[in-house]
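Asker: Mind having a look at this structure? Questions to follow.
The values are calculated or read from the model by the stated rules, or taken from the named source; none is laboratory data. As the structure is a computational prediction, the values presented were derived from the model and not from experiment. No Cβ is skipped: glycine too gets one built from the backbone with ideal geometry, and neighbour counts run over all protein chains shown.
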Amino acid sequence: MATSGVKALPICVDTFQELKLGKTLKYIIYKISDDLKSIEVVKQSEDADYDNFLKELPEDDCRWAVYDFAYKTPDGGDRNKIIFFSWSPDNAKIKPKMLYASSKDGLRKSLNGIAAEIQGTDYDEVALETVLDRIRR
Amino acid sequence: MGTYGGDEVAALVLSVGHTWTQAGYAGEDTPKSIFPTSVGWVDLPAEADQGDDADNSEDTQMQDVTQDGASASDSNHIGKKDADGGDVAPQPVGAGLVPSKKKVTKRGKYYVGDGEISCWRPDMEIKSPMKDGLVEDWDALEQIWDHAFLKRLRCDPTEHPLIITESAWNTREIREKLTELAFEKYNFPAFFVAKDAVMTAFAAGRPHALVVDSGGDMTSVVPVYDGYVLRKGIMRQSLGGDVLSDQVLQQFKASDVEVTPQYLIAKKSPVVVGQKPNVVLRDRPATPSFHKMMQMRVLHDFKESVCQVAESTYNEQNISTRPQKPYELPDGYNFNFGTERFKVPEIMFNPKEFLKNPTPEQENFVGLPKLIFNSAQSCDIDFRPTLFGNVVLTGGNTLFPGFADRLHWELNSIPHSYKVKLHAPGNTVERKCGSWLGGSIMASLGTFHQLWISRKEYDESGSNIVNKKCV
């Protein structure tokens with residue numbers, strides 16, 4: 001496949017393992033480094049407020065993110081699912097869009113244990129209800 | 001700038017479509033050069049097999065004239081006065097469609113590029129090397145490559161890597177032949193072939209997308225998932241801009257209006273709306289293929305100027321209240337177009353009803369919404385919500401005003417449970433050159449160099465390597 005060849009730094013996977021096993025981190029935001037050569041971690045947070053997470057997704061630039069969702073099943077059980085987000089808003093410039101779209105595989109393939117993937121191009125598509133709807137299916 | 005072998009070298013990006021060829025440097029946001037993917041040539045008579053001599057005598061007898069009558073910049077032009085009458089043996093007006101009677105064995109000098117092919121030359125044939133998204137005429141394709149690299153970009157192919165785009169249904173044989181062409185004839189140091197649908201999807205920021213490409217020759221719907229083309233979901237039909245133009249031509253004919261291209265017109269004077277044109281024609285016999293191309297240009301301009309898509313299902317009563325638009329043909333005939341201007345692009349949505357006098361092949365055409373729906377439906381059920389949520393529009397034929405709105409409306413009125421989101425770049429360059437742009441950005445990435453097929457790899461494995469490296 002035509003991929004850009006941008007590689008994820010080891011820290012990306014390490015932080016993800018921490019989120020998956022440590023159960024304290026809520027989300028991680030990833031981006032492509034300024035020299036366009038590798039993928040790095042911008043932010044890791046324990047903040048459980050989903051709205052604060054959404055604020056980390058810029059209006060005019062692309063990002064990837066991993067979010068550890070906690071939700072209740074219809075019969076009341078607690079569940080956790082890790083969701084991968086590709087954030088590529090239509091307002092972003094074409095170059096980052098291209099770059100993120102063609103580099104996604106480099107990051108995504110190195111993260112094991114992701115339950116679902118969301119491709120977001122506007123805030124509607126990453127809204128809490130949309131995502132929960134997707135997870136419960 | 002991309003990196004290759006440690007040096008900063010801009011890669012070349014080439015996208016050869018049926019109608020237009022786009023060529024430029026990676027990392028730039030528009031192609032340096034866009035020219036028609038058509039070549040012109042004059043067939044040489046069977047006995048005149050004398051190489052250069054034949055060419056020269058051909059050139060001196062010939063007047064090169066651009067379509068508005070000014071002398072062309074070619075070195076062999078004789079001048080305006082001669083071109084307007086003079087040396088050409090008198091032939092009856094309208095003899096433009098007399099086919100060449102000579103028996104031919106080979107083609108003479110090729111003419112490529114906007115200026116060259118739109119010059120009127122007696123007996124010049126015009127052809128596009130592409131058919132249905134595949135290379136059909138390799139000689140002609142080489143002319144296009146030559147023109148792009150040597151005449152337009154004026155670069156040394158041995159110094160730049162080359163990335164080209166191909167249709168999603170390209171065959172193994174053609175890809176191998178393209179690879180051979182790049183390495184053997186042009187000596188490119190590195191080469192890559194990318195699927196145009198994938199490049200368009202990436203340029204829209206989506207590794208998953210349903211790419212709807214409507215161009216001059218055909219319309220295709222290609223599902224892309226994770227950067228891979230889902231082959232079984234590819235839907236295409238040869239209903240594109242050219243069919244629309246042909247229909248306009250037929251309509252004009254039916255109302256007894258002749259579409260006379262610019263190259264035939266010597267003098268015209270204004271006439272009242274709807275009246276016969278008052279025009280003096282030039283005596284310029286041309287081949288049917290040349291005449292057709294020039295007619296198509298007029299019709300192309302007609303479509304761009306007046307045609308529009310109804311925002312919801314076509315309703316004659318509603319549409320007849322919309323304002324009319326005037327249009328004047330090159331010969332001075334002018335008319336105010338009302339419902340007609342909506343009926344033309346309507347063919348894309350409802351060919352059964354709006355396509356007049358269909359050929360047997362055309363009778364099987366389905367509307368674009370149906371084509372998109374069929375494509376998504378033939379993909380895995382888990383992919384469908386994502387595909388419907390990421391429909392990407394590209395190709396010049398989607399630029400009719402109202403096209404995207406209408407398509408969105410139609411896709412929502414087909415019963416299904418998916419949320420449809422249509423991505424149609426407002427910027428016309430992005431819409432016309434989507435795949436070129438994708439290739440340009442892709443090849444400009446510093447990290448991309450590891451993916452090129454290098455000369456060394458080609459020498460070791462042969463052209464088959466393209467099927468392994470460029471999937």
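Asker: Would you confirm whether any residue within region A:113-121 is over 26 Å from residue B:431 (Cβ atoms), among the β-branched types (Val, Ile, Thr) and without any contact (Cβ under 8 Å) to a residue 24 or more places away in the chain?
Answerer: As a first pass, look at region A:113-121 and keep what is over 26 Å from residue B:431 (Cβ atoms): A:113-118.
Keeping just the survivors that are among the β-branched types (Val, Ile, Thr) gives A:114, A:118.
Pick out the ones that are also without any contact (Cβ under 8 Å) to a residue 24 or more places away in the chain and you get none.
No: zero hits.
Asker: Okay, next question. Looking at A:19, A:36, A:25, which one is within 14 Å of chain B (Cβ to nearest Cβ), surrounded by 15 or more Cβ atoms within 10 Å (Cβ to Cβ) and in contact (Cβ under 8 Å) with a residue 24 or more places away in the chain?
Answerer: Working: A:19 fails: within 14 Å of chain B (Cβ to nearest Cβ); A:25 fails: within 14 Å of chain B (Cβ to nearest Cβ).
Only one candidate passes the filter, namely A:36.
Asker: Still on this model: Just checking, how many residues over region B:200-232 are surrounded by fewer than 23 Cβ atoms within 10 Å (Cβ to Cβ) and in a helix (DSSP H, G or I)?
Answerer: 2
Asker: Could you count how many residues in region A:82-104 are surrounded by 18 or more Cβ atoms within 10 Å (Cβ to Cβ) and either under 19 Å from residue B:445 (Cβ atoms) or over 10 Å from the mean Cα position of the chain (by Cα) (or both)?
Answerer: 15
Asker: Just one of the numbered conditions (1) at pLDDT below 90; (2) crowded, with 17+ Cβ neighbours inside 10 Å; (3) of a type in the set (Lys, Arg) is not true of residue B:419; which one?
Answerer: With (1) at pLDDT below 90; (2) crowded, with 17+ Cβ neighbours inside 10 Å; (3) of a type in the set (Lys, Arg) applied to residue B:419, the lone miss is (2).
Asker: Can we say residue B:423 is within 22 Å of residue B:369 (Cα to Cα) and within 14 Å of another protein chain (Cβ to nearest Cβ)? Outline the logic, then answer.
Answerer: On the way: within 22 Å of residue B:369 (Cα to Cα): yes; within 14 Å of another protein chain (Cβ to nearest Cβ): yes.
So residue B:423 passes the test.
Asker: Sticking with this one: Within region B:18-69, how many residues turn out to be modelled with pLDDT of 50 or more, farther than 19 Å from residue B:146 by Cα and out of contact with any Gly (no Cβ under 6 Å at 6 or more places or on another chain)? Let's see the steps before the verdict.
Answerer: First pass over region B:18-69, keeping only residues modelled with pLDDT of 50 or more: B:18-47.
When the remaining residues are screened for being farther than 19 Å from residue B:146 by Cα, the result is B:27-30, B:43-47.
Imposing the further condition that a residue be out of contact with any Gly (no Cβ under 6 Å at 6 or more places or on another chain) reduces the set to B:27-30, B:43, B:45-47.
Count: 8.
Asker: Starting from residues that are more than 14 Å from residue A:53 (Cα to Cα) and either within 12 Å of chain B (Cβ to nearest Cβ) or in contact with an Asp or Glu (Cβ under 9 Å, 6 or more places away or on another chain) (or both), keep the ones in region A:126-137 and report whichever is surrounded by the most Cβ atoms within 10 Å (Cβ to Cβ).
Answerer: The initial filter retains those residues of region A:126-137 that are more than 14 Å from residue A:53 (Cα to Cα), namely A:129-130, A:132-137.
After this cut, where a residue has to be either within 12 Å of chain B (Cβ to nearest Cβ) or in contact with an Asp or Glu (Cβ under 9 Å, 6 or more places away or on another chain) (or both) as well, the list is A:130, A:133-134, A:137.
Details: A:130: 15, A:133: 10, A:134: 17, A:137: 8.
Filtering region A:126-137 for residues that are more than 14 Å from residue A:53 (Cα to Cα) and either within 12 Å of chain B (Cβ to nearest Cβ) or in contact with an Asp or Glu (Cβ under 9 Å, 6 or more places away or on another chain) (or both), the one surrounded by the most Cβ atoms within 10 Å (Cβ to Cβ) comes out as A:134.
Asker: Those residues that are among the β-branched types (Val, Ile, Thr) and either more than 10 Å from chain A (Cβ to nearest Cβ) or without any contact (Cβ under 8 Å) to a residue 12 or more places away in the chain (or both), I need them from region B:430-451; list them, please. Break it down into steps so the answer makes sense when it comes.
Answerer: Initial filter on region B:430-451 (among the β-branched types (Val, Ile, Thr)): B:441, B:447.
The one that is among the β-branched types (Val, Ile, Thr) and either more than 10 Å from chain A (Cβ to nearest Cβ) or without any contact (Cβ under 8 Å) to a residue 12 or more places away in the chain (or both): B:447.
Asker: Please verify whether residue B:375 is away from every other protein chain (no Cβ under 14 Å), assigned to a loop (DSSP other than H, G, I, E, B) and polar (S, T, N, Q), treating the condition exactly as stated. Give the steps one after another, and end with the answer.
Answerer: Working: away from every other protein chain (no Cβ under 14 Å): yes; assigned to a loop (DSSP other than H, G, I, E, B): no; polar (S, T, N, Q): yes.
No.
Asker: Follow-up. Quick one: which helices (runs of 4 or more DSSP H) sit completely within region A:1-112 and have at least 2 residues that are among the aromatic types (Phe, Trp, Tyr)? Talk me through it step by step, then tell me what you get.
Answerer: Values: elements: A:10-22, A:50-55, A:94-108.
Answer list for region A:1-112: A:50-55.
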